[in-house]
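Below is one structure; the comments refer to it alone.
The values are calculated or read from the model by the stated rules, or taken from the named source; none is laboratory data. The shown structure was predicted, so the numbers you read here are calculated from the model rather than taken from an experiment. The protein model used for the area step is the full one, side chains on, heavy atoms only, and it has no ligands, DNA or RNA in it. Shrake-Rupley method; radii C 1.70, N 1.55, O 1.52, S 1.80 Å.
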Amino acid sequence: MAELKIYLSDSLNEKFRRIAMSIYGYGRGSLSKAAEEAFTRWCSEHDRSHVAEKAREHSETTQNALSSEAESHINPDERESVSREVKSFGDDRSLNSTGSST
């Protein structure tokens, strides 16, 4: 069994303890039972679809950041020449040949 330390506002702490003990009794483990029930409900409300959506957003953000970071490590002069080469490559009509270039 895992242990989890959390911080709650004083008002939520008092309310949670009062309700948990009224439902599960004043014996040992009543707060743990109530907390496990609360976490279970919270997790089911924020199920995999929500997590997958956030993971996809995070992945896109990370890819954009990595792309920008990779560019930032290139010498600015080299970055400009690479950019020109890419543009000229796209403008090269000979690459769009229909077979032979004779």
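What to note about this one:
- Boolean, THR62 is at pLDDT below 75 and either among the small types (Gly, Ala, Ser) or not in a helix (DSSP H, G or I) (or both): no
- Residue list for the stretch 38-59, restricted to those being in a helix (DSSP H, G or I) and either open to solvent by less than 70 Å² (accessible area, probe 1.4 Å) or aromatic (Phe, Trp, Tyr) (or both): ALA38, PHE39, TRP42, ALA52, ALA55, SER59
- Residue match in the stretch 92-102 (condition: at pLDDT 60 or above and open to solvent by 100 Å² or more (accessible area, probe 1.4 Å)): no
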